[in-house]
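All remarks here apply to the structure that follows.
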Amino acid sequence: MRSVSGENLVQLLTPEGTRAAGPYDEWVADIDGARLQGLYEDMVVVRRVDQEATALQRQGELALWPPLLGQEAAQIGSGRALRKDDFVFSSYRENGVAYCRGADYTDMIRVWRGNAPSGWDPYEINMATPQVIIGAQALHATGYAMATKFDGADSVAVAYFGDGATSQGDVNEAMVFAASFQAPVVFFCQNNQWAISEPVTLQAQRDIADRAPGFGIPSVRVDGNDVLGCMAVTREALDRARSGGGPSFIEAVTYRMGPHTTADDPTRYRDPNELEDWKGRDPIDRLAKLLEAEGLLAGDFTDRVNAKADEVAGLLRHGCVTLPEPGELDVFNNVYTTPHPVLERQREHYSRYLASFEAAGGGKR
Amino acid sequence: MSTMTFGRAINTGLRKAMEHDSKVVLIGEDIGKLGGVFRITDELQKDFGAHRVIDAPLAESAILGTAVGMAYRGYRPVCEIQFDGFIYPAFNQIVSQVAKLHYRTQGRVKMPLTIRVPFGGGIGAAEHHSESPEAYFMHTSGLRVISVSNPQDAFAMIQQAIACDDPVLFFEPKRRYHVKGEVDEEVDLASFPLEQARVEIPGDDVTLVAYGALVQLAKDAALAAREEGLSVEVIDLRSLSPLDFATLEASVRKTGRLVITHEAAMTGGLGAEVAASITERCFYHLEHAPVRVTGFDIPYPPAKMEHHHLPDLDRILDGVDRALGRTNSLSDLEGN
Ligand SMILES: Cc1ncc(C[n+]2csc(CCOP(=O)(O)OP(=O)(O)O)c2C)c(N)n1
C-alpha cells in the first residue's frame, strides 16, 4: 500500500532532527559535522536560488520557473553522492542537482528567460540539459549506461524524474532495457505527490518503488526530505551499478511545497492542510535541528551560509538581467552540423528582408 | 448572441456536445479539477462527473490508445493533448491506429475521436510548447484536420468535430484563447460543415490564405494593403484536410495570385500542398508563382527569438508584394 512514512521508508534523520539508526548508516559513516554543515549550506543556497528565480519571474525577468521548494534534500542528498564522471539526465526541476554538478547560475535561467535553447554544455558538467518531455530522459540515461558498460568504464548514469513520469511508456521501457542489459543506471524518482494537478494516486495504486522489482530491478523508498537518507540510498545504488550489479530504482518520498511552475495555481486542486502538514517535515529545518543539537549551527557558520546565499542570489540576478539579447539571425544557428542549402537560402532571404527596412530608412511599415 | 473568449467558446461547445450525447467523454491530463492548463474544460468535471471528464495519468500514448478502445465500444472520446509538443508520444496511436481502423476493418469500426491540440507560438513559452505539427497529420490518410480562428467557429466546429464519425484533429491557436468575439449559441450547426473554408475579406488583386492564429494577421495585412491601394482576398482555411479547393480555386481564378502563410516550417508544410495543388488546378490563371510566408525550417526557437521565426504583418505584406511582382525584399534576386 501507498504510504508517506512507515516501515518501508529509509530514514536516517527524523523530522524532529534526530538521527535514526538503520542498516543504511554505513553508507554515510563518513558524514561528520563539517560535512553535515556542507549539506546544510547546499540546501540553503539551493533554496535561495529557487526563491531568487521565482522573484525574477514575478518581476517579469523570467518567463517561467519551476520551483523545487521542498525537494532540496532529495536533490542535494543524491546529487552529492555522485562522482564527477557519473552522468545525470534530469527533468526541468533539478536545479539542486545542477548546482551539485557545478552548473553556472546564469546557465540555469537562460532557457527560462527565453534567450537560448539551453544553458550549460552537458559534457562540461556531465549533466544533460533539462528535459521537458516527461520521462524521455529515462531512456537516454539507460542508453548512456549501456554505452558506459560497452566501454568497460565504471561511471553511472542517473535519471531524475517525477511520480507522474512513471506513467509514461518511456520510463517503463527504460526499465525493460536497463534490466535486460544490466545497465549501470540509477532511476531516481522524486515522488513529490503531484503531477501538476494530479495526485500520485492517479499514477500509481501502490508505492512507485514497488514497480521496479517487476522489471527485475531492485528498489528502495527513502524519506525524500532526509538528506542523509537520500545520500545513503543513492550511494548504495551507485555502488551496485559500479560493481556490475545493474540498475536500481529509488523513490524519494517528498513534497512540492510551491506551485508546479510559476504559471500554476495549486489552490484549485490542493488542500491547504496538506501543505501545512508537509511544512512540518521541511528538509532544511530538520537538518538545522540536528546541527543545533550538536552545536554546529553557531553564529559564524550561519553567517557564512547566509552570506554565500546572498552572493549566489546576487550572481543569479546579475547574470539574468545582463544576459545579452540574442542576435537577429541566431535562430538559424545549430540546426545542422553542416550547411543545409534550403536553410541557408532561408537565412539569406530573412537577412535581405531585415535589410530592406534599413534601406527604407529603418522601422517597419 | 453573447460575447465570449475563444477559450470559453470551446468550453461552451464541449458542454453542449456532452449534453447532447451521453457517449461523449473527455480525457486528458489535468482537465478535471484544474480545468486544463488553459482552463478550457473549466467546471465540466464538476457538472458531468469524473467518469465523463477523465483526468488521465500522465501518458499520451495511453490517452489515445484507450480512446481507441472506448470508440470500439461506441463512445465518442474527446482527447486533450496539453500542448502541441506532447502529441508526439501519442503519434504512433494516432497515425497507426486511429487513422487506419475504419479502413482496416472495411468500415465496420468507427473512430469518432476528437483530438484537441492547443498549438502554435507567440506566447513566449518554453521548449515543446509552441509547435505547429499539423502537417504530420494532414499527411496521414484517414484523419480530418481542422483549425479554427475565432470564437464562433470554435463553438460550432468543436461540436461538428465531435459529431463527425471520422477522427478529427482539432488545432486550437492558443495565442487566441483570450480573444473575445460574438458567439451565437443557437446557430445552426449545419451551416458549419467540417470542410469549408471561408472568405474573410473579399478582394481582387491577390489571394491570401491563412488558418489559426495567422488569420487575424492576414486580415490586418489586407487592411494595411488597402491603404496602399491593394485589394487582398483573405481566406480562412478552417479545414486543413480535406482542403476546400472549390473556395481556393474560385479565389485564385479571380485574383491570379496566391500567398499562403503559416507558422509551421516551410518544407513539406501546408503551404507546399496548397501551392502545388492550386498550380495544378489553376495554372493558366496564375500570374505569378504561389508564395509561401512561413516559419523557418528550424526547431521552434527560444521565446526571445520567436518573433524572428513567426510570420508577422510585414513579412506577410512582403510576400504579397512578391506575388504581385512589386518591389520586395528579394527583388534583386532572380527566381526568388
Ligand atoms: C510528454 C509530456 N506530456 C505532458 C507534459 C506537461 N507537463 C509538464 S510537467 C507535468 C507534470 C509532471 O509531473 P511529475 O512527473 O510528477 O514531475 P514534477 O513536475 O512533479 O516534478 C506535465 C503534465 C510534458 N511536459 N510532457
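The values are calculated or read from the model by the stated rules, or taken from the named source; none is laboratory data. What you are looking at is a predicted structure, and each value in this text was computed from that prediction instead of being measured. We place every Cβ from the backbone using ideal geometry, glycine too, and count neighbours over all the protein chains shown.
Please enumerate the residues belonging to segment B:1-53 that are surrounded by 21 or more Cβ atoms within 10 Å (Cβ to Cβ) and part of a strand (DSSP E or B).
B:Val24, B:Leu26, B:Ile27, B:Gly28, B:Val53, listed by residue number.
Filter segment B:175-198 for residues that are more than 25 Å from B:Glu233 (Cα to Cα) and charged (D, E, K, R) and give the result.
If the condition is that a residue be more than 25 Å from B:Glu233 (Cα to Cα) and charged (D, E, K, R), then B:Asp184, B:Glu185, B:Glu186, B:Asp188 are the ones that fit.
Can you name the residue in segment A:143-174 that is of a type in the set (Val, Ile, Thr) and in contact with a helix residue (DSSP H, G or I) (Cβ under 6 Å, 6 or more places away or on another chain) and, of all such residues, is farthest from A:Ala212 (Cα to Cα)?
My answer is A:Val156.
Identify, from the list A:Asp121, A:Asp163, the residue that is in the same structural domain as A:Pro283 (by the TED database), closer than 25 Å to B:Ile298 by Cα and either without any contact (Cβ under 8 Å) to a residue 24 or more places away in the chain or in contact with a strand residue (DSSP E or B) (Cβ under 8 Å, 6 or more places away or on another chain) (or both).
Exactly one residue qualifies, and that residue is A:Asp121.
Can you pull out the residues in segment A:306-349 that are touching a helix residue (DSSP H, G or I) at 6+ places or on another chain (Cβ under 7 Å), part of a helix (DSSP H, G or I), more than 7 Å from chain B (Cβ to nearest Cβ) and under 30 Å from B:Leu317 (Cβ atoms)?
A:Arg347, the sole residue that qualifies.
For residues in segment A:231-281 being of a type in the set (A, V, I, L, M, F, W, C) and in a helix (DSSP H, G or I), which is surrounded by the most Cβ atoms within 10 Å (Cβ to Cβ)?
A:Val233
Check whether at least one residue in segment B:27-38 is within 14 Å of the ligand (Cβ to nearest atom), touching a residue at least 60 places away in the same chain (Cβ under 8 Å) and within 21 Å of the chain's Cα centre (by Cα), and report yes or no.
yes
Hey, does segment A:78-91 have a residue that's within 16 Å of the ligand (Cβ to nearest atom), more than 30 Å from A:Trp27 (Cβ to Cβ) and either among the basic types (Lys, Arg) or within 14 Å of another protein chain (Cβ to nearest Cβ) (or both)?
no
Looking at this structure, is B:Gln97 under 30 Å from A:Thr261 (Cβ atoms) and either in contact (Cβ under 8 Å) with a residue 40 or more places away in the chain or not in a loop (DSSP other than H, G, I, E, B) (or both)?
Spelling it out, it is not the case that B:Gln97 is under 30 Å from A:Thr261 (Cβ atoms) and either in contact (Cβ under 8 Å) with a residue 40 or more places away in the chain or not in a loop (DSSP other than H, G, I, E, B) (or both).
I'd like the full set of residues that are over 19 Å from A:Val233 (Cα atoms) and more than 15 Å from the ligand (Cβ to nearest atom), limited to segment A:183-214.
Scanning segment A:183-214 gives A:Gln205, A:Arg206, A:Gly214.
Can you tell me which residues in segment B:255-281 are of a type in the set (Lys, Arg) and either buried (at least 16 other Cβ atoms within 10 Å of the Cβ) or within 14 Å of another protein chain (Cβ to nearest Cβ) (or both)?
If the condition is that a residue be of a type in the set (Lys, Arg) and either buried (at least 16 other Cβ atoms within 10 Å of the Cβ) or within 14 Å of another protein chain (Cβ to nearest Cβ) (or both), then B:Arg257 is the only one that fits.
Only residues that are modelled with pLDDT of 95 or more and more than 20 Å from A:Gly295 (Cα to Cα): list them for segment A:10-22, please.
Passing the criteria: A:Val10, A:Gln11.
Hey, can you tell me all the residues within segment A:143-170 that are within 16 Å of the ligand (Cβ to nearest atom) and closer than 23 Å to A:Cys100 by Cβ?
A:Val158, A:Ala159, A:Tyr160, A:Phe161, A:Gly162, A:Asp163, A:Ala165
Residues checked against (1) modelled with pLDDT of 95 or more; (2) within 21 Å of B:Leu248 (Cβ to Cβ):
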{"position": "B:Ala276", "(1), (2)": "yes, yes"}
{"position": "B:Glu287", "(1), (2)": "yes, yes"}
{"position": "B:Val291", "(1), (2)": "yes, yes"}
{"position": "B:Tyr300", "(1), (2)": "yes, no"}
{"position": "B:Leu310", "(1), (2)": "yes, no"}
{"position": "B:Asp314", "(1), (2)": "yes, no"}
{"position": "B:Leu330", "(1), (2)": "no, no"}
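Identify the single condition in (1) facing chain A (nearest Cβ under 10 Å); (2) more than 22 Å from the chain's Cα centre (by Cα) that B:Pro299 does not satisfy, given that it satisfies every other one.
(2)
Mind checking which residues of segment B:15-47 are closer than 20 Å to B:Thr66 by Cα and away from chain A (no Cβ under 14 Å)?
The answer is B:Met18, B:Asp21, B:Ser22, B:Lys23, B:Val24, B:Val25, B:Leu26.
Just need a number here: residues in segment A:109-133 that are within 14 Å of chain B (Cβ to nearest Cβ), among the hydrophobic types (A, V, I, L, M, F, W, C) and within 13 Å of the chain's Cα centre (by Cα).
Summing the residues that are within 14 Å of chain B (Cβ to nearest Cβ), among the hydrophobic types (A, V, I, L, M, F, W, C) and within 13 Å of the chain's Cα centre (by Cα) in segment A:109-133 gives 2.
What are the residues in segment B:98-124 that are within 14 Å of chain A (Cβ to nearest Cβ) and surrounded by fewer than 21 Cβ atoms within 10 Å (Cβ to Cβ), if any?
B:Gly122, B:Ile123, B:Gly124
Would you tally the residues in segment A:180-205 being more than 14 Å from every other protein chain (Cβ to nearest Cβ) and either charged (D, E, K, R) or on the phi > 0 side of the Ramachandran plot (or both)?
Qualifying residue count, segment A:180-205: 1.
So B:Glu127 passes all but one of these: (1) within 11 Å of the ligand (Cβ to nearest atom); (2) of a type in the set (Asp, Glu); (3) within 21 Å of B:Asp166 (Cβ to Cβ). Which condition number does it fail?
(3)
Among the residues of segment A:172-179, is there at least one that is within 13 Å of chain B (Cβ to nearest Cβ), closer than 21 Å to A:Ala237 by Cα and within 9 Å of the ligand (Cβ to nearest atom)?
Taking every residue of segment A:172-179 in turn, none turns out to be within 13 Å of chain B (Cβ to nearest Cβ), closer than 21 Å to A:Ala237 by Cα and within 9 Å of the ligand (Cβ to nearest atom).
Can you tell me which residue within segment B:48-97, out of those that are over 21 Å from B:Gly35 (Cβ atoms), under 19 Å from the mean Cα position of the chain (by Cα) and away from chain A (no Cβ under 14 Å), is nearest to the ligand (Cβ to nearest atom)?
Across segment B:48-97, the extreme among qualifying residues is B:Ile94.
Assess whether A:Ala98 counts as being under 30 Å from B:Ala303 (Cα atoms), within 16 Å of the ligand (Cβ to nearest atom) and more than 14 Å from the chain's Cα centre (by Cα).
No; evaluated as a whole, the condition is false for this residue.
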